[in-house]
Amino acid sequence: MTATSSKPAVSVNGTSYQWPKRPVVVVCIDGGDPAYLRQFLQEGAIPNIARFMKEGFSVVADGTVPSFTCPNNMSIITGTPASKHGISGNFYLDTRTGEAVVMTGPELLRGDTIITRFAEAGAKVVSITAKDKLRKQLGKNLDVSKGHVSFSSEFASKCTLKENGIENVLGFVGAPQPDMYSMELSLFVLDAGIKLLEQSHRDIMYLSLTDWVQHKYAPHESEARRFYQEIDKRFGRLVELGAIVALTADHGMNDKSDANGKPKVIWLQDILDRKFGKGDTKVICPITDAFVAHHGALGGFVRVWCRGKATPQQIIEEIRGLPGLESVLDKETACKVHDLPPDREGDVVVISTADVCVGASEADHDLSGLEGHRLRTHGGVSEAKVPFILSAPLNDSYKLKAGAATLKSYQIFDFAINGVAH
Ligand SMILES: [Zn+2]
């Protein structure tokens, strides 16, 4: 292992990170609701995670609200809340054009990523994500020509040295191109991380999985168990290779169907259109991305923009108290309560309860991709509790820090780098 202990600390977005003496691997188990861990710990199905929790450190932390993939991955990789990094959803409304804008461009991410600042300081870093939509933001300003690696398993077969810092990835990992809707898409991310660590020393790795399994299978279902057994084995291997392994999730997951398996949805745009007229308000579902088959673009958090006569106050009065809604907030309150960037916030924020989701117009959501499965999704406060697990115990000062307040998932790099004995 490289003797790197004498290198100076690296400052990123106001937090100082010491130079890690052992490889630090942070894994985002997409959709990794604490309920899955409870189930499989009880069954004894995940011995490596069980050992981390016993010998290392484990709490349930607060993720970023809205509890969606992009905002939380960016919180983790920058070590900051959404109010700082600016990525508060997968989509927001450009009020000048009235168009929904996808928020995955690196130019929309404010501040630096932890891996890029370490790379600039001379560390060897790796970022691998399941879905390509996250890759560019995670790799913002990362110069892959300097021996760093940044790619997605979605496009593993298309990697080039110029774009990704690695090529022939399928041959390197020894696996076929995984399907977009499969658990293999996530396992490939971990297998690639393991291969890279076997090949040479890496200081920091970020491995971000996909939540296809959790959208489709509840904790009691055998496919969910199989997935957790597979990822558990790989976490064990990473520790064998000398890494500090840190596990968190971008969000949890809740079942939002009724007893007959029918999704429980509040069609908010339809309600507002009936009251205020078509075109007067615009509901944006920030969970939307190019791959919505497993959730039909339905989540627990939507934004409403006023485009005509209706005022935020009138909208709030119309919908507050509807069964299935947990909170209806004006922009200022939403930004304050959930630490969100005001310039990308809607005029009204609507959050559903754990068992209900919110959509726009019924006609605009295609639920055929559920193929008879119950709707499981996320986005609200009820899906913002996530695991926060380290494979090694905390040092004394971080024990105090952990005891002082509920941890945020965006502190995971801080704890994995500064909080354990390396
Ligand atoms: Zn996710």
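Only one entry of Gly44, Gly79, Gly147 meets the criterion of being more than 16 Å from the ligand (Cβ to nearest atom), open to solvent by 10 Å² or more (accessible area, probe 1.4 Å) and closer than 19 Å to Ile417 by Cβ, and that entry is Gly79. Only a single criterion out of (1) more than 30 Å from Lys282 (Cβ to Cβ); (2) more than 16 Å from the ligand (Cβ to nearest atom); (3) touching a strand residue (DSSP E or B) at 6+ places or on another chain (Cβ under 7 Å) is not satisfied by Lys21, namely (3). For segment 344-388, taking the residues that are acidic (Asp, Glu) and in contact (Cβ under 8 Å) with a residue 12 or more places away in the chain, the one that is farthest from the ligand (Cβ to nearest atom) is identified as Asp347.
Based on this model, can you work out whether Leu407 counts as touching a residue at least 60 places away in the same chain (Cβ under 8 Å) and within 25 Å of Lys262 (Cα to Cα)? No, not satisfied. Inspection of segment 84-94 finds no residue satisfying the criterion of being more than 24 Å from Val349 (Cα to Cα) and away from the ligand (no atom under 16 Å from the Cβ). Could you list, in sequence order, all residues of segment 227-281 that are assigned to a helix (DSSP H, G or I), closer than 30 Å to His365 by Cβ and not charged (D, E, K, R)? Across segment 227-281, the qualifying residues are Phe227, Tyr228, Leu268, Gln269, Ile271, Leu272, Phe276. Checked against (1) away from the ligand (no atom under 16 Å from the Cβ); (2) of a type outside the set (Val, Ile, Thr); (3) under 30 Å from Gly261 (Cβ atoms), Ala416 passes all but condition (3).
Cβ-Cβ distances below 9 Å connect the following pairs, each with a first residue in segment 311-324 that is within 18 Å of Gly279 (Cα to Cα), a second residue that is open to solvent by 90 Å² or more (accessible area, probe 1.4 Å), and a separation of six or more residues or different chains: Gln314/Lys275; Ile315/Lys275; Glu318/Lys275; Ile319/Lys275. Criterion applied to Gln42, Gln18 was being in contact (Cβ under 8 Å) with a residue 24 or more places away in the chain and not aliphatic (A, V, I, L, M), and the one residue passing it is Gln18.
The rows are residues; the columns are (1) without any contact (Cβ under 8 Å) to a residue 40 or more places away in the chain; (2) open to solvent by 30 Å² or more (accessible area, probe 1.4 Å); (3) out of contact with any Lys or Arg (no Cβ under 6 Å at 6 or more places or on another chain).
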site	(1), (2), (3)
Lys54	yes, yes, yes
Asp62	no, yes, no
Thr69	no, no, yes
Met74	no, no, yes
Gly86	no, no, no
Phe91	no, yes, yes
Ala100	no, yes, yes
Leu109	yes, no, no
Ala121	no, yes, yes
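Take the residues of segment 139-175 that are of a type in the set (S, T, N, Q), part of a helix (DSSP H, G or I) and closer than 20 Å to Ile204 by Cβ: which is modelled with the lowest pLDDT? Here the answer is Ser145. Looking at segment 326-422, the helices (runs of 4 or more DSSP H) lying wholly inside it that each contain 1 or more residues that are under 23 Å from Val24 (Cα atoms) sit at 396-404, 412-418.
The values are calculated or read from the model by the stated rules, or taken from the named source; none is laboratory data. This structure is a prediction, so every number in the text was calculated from the model and none was measured. Counting neighbours? That spans all protein chains shown, and the Cβs are built from the backbone with ideal geometry, glycine included. Please note that ligands, DNA and RNA were not included when accessible areas were found on the heavy atoms of the full protein model with its side chains. Shrake-Rupley method; radii C 1.70, N 1.55, O 1.52, S 1.80 Å.
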